[in-house]
Amino acid sequence: MAVSEEDGDFLRAPSDQKYAALERASTTYKPHESYALEKEKQYQQQFGDMYFFRLAKLKPAVEKIALDAWDDFQIAGETVQKVERVLDVRQGRLCWVIGTIYMEMPLKPNILDDISKDVGRFSVMPLSRAD
C-alpha cells in the first residue's frame, strides 16, 4: 500500500519543538447526592448523574441533526418517526430515539443490584394469624 506525502507526515519521528504547557480549566460540576449506601463496596465511580447531564446538554444538537437526517425519511412506504423514550418503541414500527446506552459490566460494583437486594432484605413479612 502506497502512502501519500500528506499521510507520510504522520510516519516520521517526533520533533524537538517545544510547546507551551496547557492548564486544565476547573469545573463547576457537583454530583447530585440523593442517597448514601453504607457498605463495604465503594461507589465513588458511579457516573449516572454525569451521563444524565451530558445527555441533557447534547440532546438538542443531536436532535437537530437527527431531524435533518430522518425527517420524512421512508422505508418501504413507512415514514420513520421520532419517539421520546425507549419505552415508547413498538415492534414493527420504524422509529429513532436519543438516549444513553447502559452497558452491563459484571465485575464492576453495581449499585442497582445492591439496592434491589436491600429492598428484599428489609421488606415487611406478613403477620401470621392465630386460628
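Scanning the range 59-79 for residues that are over 20 Å from Ile101 (Cβ atoms), in contact with a strand residue (DSSP E or B) (Cβ under 9 Å, 6 or more places away or on another chain) and either in a helix (DSSP H, G or I) or hydrophobic (A, V, I, L, M, F, W, C) (or both) yields Leu67, Phe73. Residues of the range 52-77 that are modelled with pLDDT of 90 or more and among the acidic types (Asp, Glu): Glu63, Asp68.
The values are calculated or read from the model by the stated rules, or taken from the named source; none is laboratory data. All values derive from a computational prediction rather than experimental measurement. As a convention, Cβ positions derive from the backbone with ideal geometry for all residues, glycine included, and neighbour counts pool all protein chains shown.
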